[in-house]
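The values are calculated or read from the model by the stated rules, or taken from the named source; none is laboratory data. This structure is a prediction, so every number in the text was calculated from the model and none was measured. Ideal geometry is used to build each Cβ from the backbone, glycine not excepted, and the neighbour counts take in all protein chains shown. The area values use the complete protein model at the heavy-atom level, side chains included, leaving out ligands, DNA and RNA. Shrake-Rupley method; radii C 1.70, N 1.55, O 1.52, S 1.80 Å.
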Amino acid sequence: MPIYEWNEITVRLLDEKDEHHLVKWLTDPEILQYYEGRDRPHDLYLVREHFYNQDDDATRCIVEYGRNPIGYIQFYKLEEEERTEYGYGDTDGIIYGTDQFIGEVGYWNKGIGTLLVQSMLAYLINEQQACKVVMDPQAWNLRAIFCYEKCGFQRIKLLEKHEQHEGQMRDCWLMEYAP
């Protein structure tokens, strides 16, 4: 069941049958250098633990392009702890965060990531009444940062040593989209 369809992009809820896509993508070093880390390949057990057996409010989805599964996206309302950490403790309104990756390398550098982010922004703002959408990409991941900036996100704050990646604590940018 699609959450939404936008041009060639379909975002649908993650299903049990999708676990083999996640295993394929999250054992590919080219994907892992950007998402999870090359030191953390995901076998079926880890995929189930990290994407299926979670007790949180994230909505986990598969991204399809032309009906072919090509990636993953999740979105979630920021909870009080994250709102405080990011400097939104006194902000009224609904704030969503997202995380995503294109898992099929053949779909990179074709503008599909931009379409995905634009479509998710439209969904979160128009359908979920988000007043802001935030992401926290690692500071070295300039391709992702430029994609997000092209979609209207702005770099708000450098989050020093914010995320563990390949054995090191990495800096991340808090990026915000506010319509």
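Residue-wise test of (1) among the small types (G, A, S); (2) modelled with pLDDT of 90 or more; (3) closer than 24 Å to W140 by Cα; (4) open to solvent by 30 Å² or more (accessible area, probe 1.4 Å).
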residue: D15; (1), (2), (3), (4): no, yes, no, yes
residue: W25; (1), (2), (3), (4): no, yes, yes, no
residue: G37; (1), (2), (3), (4): yes, no, yes, no
residue: D55; (1), (2), (3), (4): no, no, no, yes
residue: T98; (1), (2), (3), (4): no, yes, yes, no
Does the stretch 98-106 include one or more residues that are more than 16 Å from Y72 (Cα to Cα) and β-branched (V, I, T)? no
Which numbered condition G87 misses (of (1) without any contact (Cβ under 8 Å) to a residue 40 or more places away in the chain; (2) more than 14 Å from the chain's Cα centre (by Cα)): (1)
Where K110 falls short, out of the listed (1) more than 21 Å from Q164 (Cβ to Cβ); (2) open to solvent by less than 70 Å² (accessible area, probe 1.4 Å); (3) charged (D, E, K, R): (2)
Restricting attention to the stretch 74-92, does a residue exist that is in contact with a Cys (Cβ under 7 Å, 6 or more places away or on another chain), within 14 Å of V11 (Cβ to Cβ) and surrounded by 16 or more Cβ atoms within 10 Å (Cβ to Cβ)? yes
Tell me yes or no: at least one residue of the stretch 31-46 is aromatic (F, W, Y), under 15 Å from the mean Cα position of the chain (by Cα) and in a loop (DSSP other than H, G, I, E, B). yes
Which ones in the stretch 116-135 are open to solvent by 40 Å² or more (accessible area, probe 1.4 Å) and under 19 Å from I62 (Cα atoms)? Q118, E127, Q128
Residues (in contact with a Leu (Cβ under 6 Å, 6 or more places away or on another chain) and hydrophobic (A, V, I, L, M, F, W, C)) located in the stretch 120-171: A130, V133, I156, L159
Options I94, I62, I112, I102; residue that is closer than 26 Å to L174 by Cβ, modelled with pLDDT of 95 or more and either touching a helix residue (DSSP H, G or I) at 6+ places or on another chain (Cβ under 7 Å) or acidic (D, E) (or both): I102
Is it true that T98 is touching a residue at least 12 places away in the same chain (Cβ under 8 Å) and over 24 Å from P41 (Cβ atoms)? no
